[in-house]
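Below is one structure, written out as structure tokens, with a few remarks after it.
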Amino acid sequence: MSKAFYTLLLLLLLPLAAQASEGEFFITAKPTDQARLLQNWAAQPDPARLALLSALKQGRIGADDSRKVRLNNRLRGLIDNALASHQLLSEDVAVRLAAAQYLQKSAQPAQVAFLDRRLASEPDKGVKAALALALASLQLGASEPRVRLAAVRLLGETGDPQARTRLETLLEPGVESDSTVRTAAQTSLAQVERKLLIGELLGQAFSGLSLGSILLLAALGLAITFGLLGVINMAHGEMLMLGAYATYMVQVLMQRHLPGAIEFYPLVALPVAFATSGGVGMLLERTVIRHLYGRPLETLLATWGISLILIQAIRLLFGAQNVEVSNPGWLSGGLQVLPNLVLPYNRLVIIGFALAVVLLTWLLLNRTRLGLNVRAVTQNRNMAACCGVSTGRVDMLAFGLGSGIAGLGGVALSQVGNVGPDLGQSYIIDSFLVVVLGGVGQLAGSLWAAFGLGIANKLLEPQIGAVLGKILILALIILFIQKRPQGLFALKGRVID
Amino acid sequence: MKRRSLIKAVTLSAGLAAMGMSWTLQAAETIKVGILHSLSGTMAISETSLKDMALMTIDQINAKGGVNGKMLEPVVVDPASNWPLFAEKSRQLLTQDKVAVVFGCWTSVSRKSVLPVFEELNGLLFYPVQYEGEELSPNVFYTGAAPNQQAIPAVEYLMSEDGGAAKRYFLLGTDYVYPRTTNKILRAFLHSKGVADKDIEEVYTPFGHSDYQTIVANIKKFSAGGKTAVISTVNGDSNVPFYKELANQGLKATDVPVVAFSVGEEELRGIDTKPLVGHLAAWNYFESVDNPTNQRFVADWKAYAKAKNLPGADKAVTNDPMEATYVGINLWAQAAEKAQSTDVDKVREALAGQSFKAPSGYTLTMDKTNHHLHKPVMIGEIQDDGQFSVVWETEKPLRAQPWSPFIQGNDKRPDYAVKGN
């Protein structure tokens, strides 16, 4: 009686004990043994092991075990694979679907038998399809031509870049002997390639738009300070940099005082960056630039000096090293549209943001009294002054507005690139390119020029490389400016002096 | 009131005179050493910390009584990331300040710029950064890694099973001499291991390139053709947008590991490393190396950064070139002690075979003939706290091969320093 009871108890405890000891065994094993162990687990999943594998993914052997497991990339891959294969046993359809989709990329030949069993018993249609696909890439090496044929046909349905490689290997001379399978593989390959081409073209178009939106944000402030006011503002890049540093400060302060709302720090940073850059811009206008209107060469030198001063000041305050501005959760990662096309969230948001800023600036310049004054002053200063417009004040506000918009650009730039004292230097040339190409004094011109440059750059880059692409673009712009010195869009009328 | 200001003026001038006197007294007994690192311009991000590290090491040596009974007096100049200015400043250091030795340079182009000056005036330069080799001057001691002490072991690791057994290689670099030469060596090495040209892709970007969308998309496409590793010689600022793009496009280290030769703890300070866990870097030292010498080194540095109120002192990190600077200055001090002189020729002779217990945990020896340190190689994985964990290292320090056997014609080069080489 008691013997039977103990056996029962032992049996009940076994899964628990097995899990603990497996973890112990794993942590002491050599990497090669660990790899073999994980492969075995992946081929023969056991629901009791799920907790261990989830913990291993975090680098531990149990939720309450503080010891760290030393992992390398190979083991991490195998853990992911084993975990996915265990998750196929889950009750939750969504978990099973994600696992099956993961296995499409990483399934190992040893898992064929297990996947076959799961496919037969899977109740959900979507998961079943995903599993069939995961299995298909393994079945290309099956011995029966019938199975291979089905697998080849199935692979043709996907737009997965890996399917192309697998089909190409199959089509290499001497690999596939059955002629029906070969023809089917050729059809499938053509199908897959068509899908991949669509993804690639869309990807190129998107990266062109994204680069364009970044150029636009960088140049928009300059379109006002240089385009409307005519100040050759070499310190424009530093306004971008100030905006980015303002973002950094907001991030640090919110981490310290408002850790709950840290996710939304870029939104808080927008007004702060606008105010910082705008404030510095107005200060500069009042103290330096005001005295230099109508003397472009002196303005150029003075603003260049200011830019050096600002860079060195930031270097003294924050150090020469870049500071860390991290993407909040909702700006990290991307939207998987096609198997070979991911649209990163930060870039999507920036495209939208750039367009919104353009719209707001346009409204401000064309629908408000300030905008009217700015346009009046920039078009005919004396006449505006005669009509009672306080030109000095308008100059200051317009310069502040341009600088503030540059600050907004800085917030966006901090989400895709470096935040360091030299940030502005890398954008100043591009900004001038956009404004000059678009036509001085025109917002619409800058918009078209930015997107045009972005897309042209991204179309050229895969063909001739980033370095040559940049040179070619510059050469093309020089030729264009020769032909059309006023840029894409020119102000019409007699107001230009 | 008047009297008080008079007293003030008298004390002030007396104080000034005393300071001047003590300065002249001290000046007679010091040895001047030059520090030639960019403190402004694009390279300031990397080189500023080397200047501070050099000053800390000099402080430490002075605290122990200096060299040959004399204090070291650092002369810091700023060549402002301007290559010709490097040559000008080094001439100034050697002829006007008459420094005994110079510690400096980061980019290969700056080293190439000062080389003729050092050879002409018979100066002594300690160069602390990993580089492409193909150089061996009697006036330079190289305390960073040569290609066989960094690049080649890293690729061997990627080929091994633990490294992921990569079959295809994407060589990505900034467009200048170091990445191009390194990739030339690596291509020849990969060929020797049976990797075909169709499995090697070589891509360069300009300095300061910030839009990596196309390149990351290409890496993705390339990696569909088999297990791929990216070997990155991207330098400076461009690393941040590159890694950000990698993370956002969902390219994980388990799929396509990136091994970088110019990304250390200092560079990672500007990046959120959580999406980058598992990507690799190859160096000869990591801050996370666990041994008593390193613990002291790191603690000293953090204390120094705090005491001197360096920017970002609360997050101060050490890295490989900083360790190489530290080792270089100490080696020079030892050699000068041994030679009982700071004369360049005597110190050079004394440096051959000189060894020092380095923070990397190894005793590093200056080679008897080829002016390079014997160094251990370590591969580190990026952790979520911006540090590296060592996943692989050589058993003992390797001798440098400045003339890589993978470049044609190098077998005829002498293995000792010759001027104009």
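Every number in this text was worked out from the coordinates using simple rules, so none of it is lab data. As the structure is a prediction and not an experimental result, all values here were calculated from the model. No Cβ is skipped: glycine too gets one built from the backbone with ideal geometry, and neighbour counts run over all protein chains shown.
Taking amide hydrogens as placed 1.01 Å from N in the peptide plane, the amide H of B:E135 sits under 5 Å from that of no residue at least 5 positions away in sequence or on another chain.
Once you have a ≥ b ≥ c as the square roots of the Cα gyration tensor eigenvalues for segment A:395-497, tell me rounded if a/c is under 1.5, and otherwise prolate or oblate according to whether a/b is larger than b/c. In terms of gyration-tensor shape, oblate. Using only side-chain charges placed at the Cβ, +1 for Lys and Arg and -1 for Asp and Glu, the dipole size of the protein assembly as shown relative to its Cα centre rounds to 1740 debye.
Averaged over the residues of peptide B:232-241, the number of Cβ atoms from other protein chains lying within 10 Å of each residue's Cβ is 3. Inter-chain neighbour count for B:250-261: the average number of beta-carbon atoms from partner chains within 10 Å of each residue's beta-carbon is 3.
So which GluC sites (Glu not before Pro) in segment A:145-192 are both in a DSSP loop and have at most 14 other Cβ atoms within 10 Å of their Cβ? Here no loop site has a sparse enough neighbourhood. When the alpha-carbon atoms of chain B are used, the pair Rg, Dmax equals 22.9, 89 angstrom. Is the protein assembly as shown best put as rounded, prolate or oblate by its Cα gyration tensor, with a ≥ b ≥ c the root eigenvalues, rounded for a/c under 1.5, and otherwise prolate when a/b is larger than b/c, oblate when not? Note, shape of the protein assembly as shown comes out oblate. Taking Cα atoms only, the orientation of helix A:443-464 departs from the longest principal axis of chain A by about 40 degrees.
For helix A:73-87, what angle does its Cα long axis make with the longest principal axis of chain A, in degrees from 0 to 90 and rounded to 10? Helix A:73-87 sits at roughly 70 degrees to that axis. Name the shape class, rounded, prolate or oblate, that the alpha-carbon gyration tensor gives for segment B:151-260, where a ≥ b ≥ c are the square roots of its eigenvalues, rounded holds for a/c under 1.5, and otherwise prolate holds if a/b is larger than b/c and oblate otherwise. Taking the square roots of the gyration eigenvalues as a ≥ b ≥ c, segment B:151-260 is oblate.
Near A:G454: Cβ cut-off under 13 Å, other residues only, Lys/Arg at +1 and Asp/Glu at -1. The net charge is 0.
Relative to the longest principal axis of the Cα atoms of chain B, the long axis of helix B:2-29 makes an angle of roughly 60 degrees. Ordering A:Y427, B:Y285, B:Y178, B:Y304 from the fewest to the most neighbouring beta carbons within 10 Å gives B:Y304, B:Y178, A:Y427, B:Y285. Take B:52-62, A:178-188, B:274-284 and order them by the average number of nearby Cβ atoms within 10 Å per residue, most first; the result is B:274-284, B:52-62, A:178-188. One chain, two ends: B:K346 and B:M71. Fully extended at 0.36 nm per residue, the span grows by 97.1 nm beyond their Cα-Cα distance.
The listed peptides B:220-228, A:474-482, ordered by packing as a protection proxy, come out as B:220-228, A:474-482 (highest mean of other Cβ atoms within 10 Å first). Which percentage, to the nearest 5, of the DSSP beta bridges contained in the protein assembly as shown is antiparallel? Of the beta bridges lying entirely in the protein assembly as shown, close to 35 percent run antiparallel. With a 10 Å cut-off around each Cβ of B:150-163, the average count of Cβ atoms from other chains is 1.
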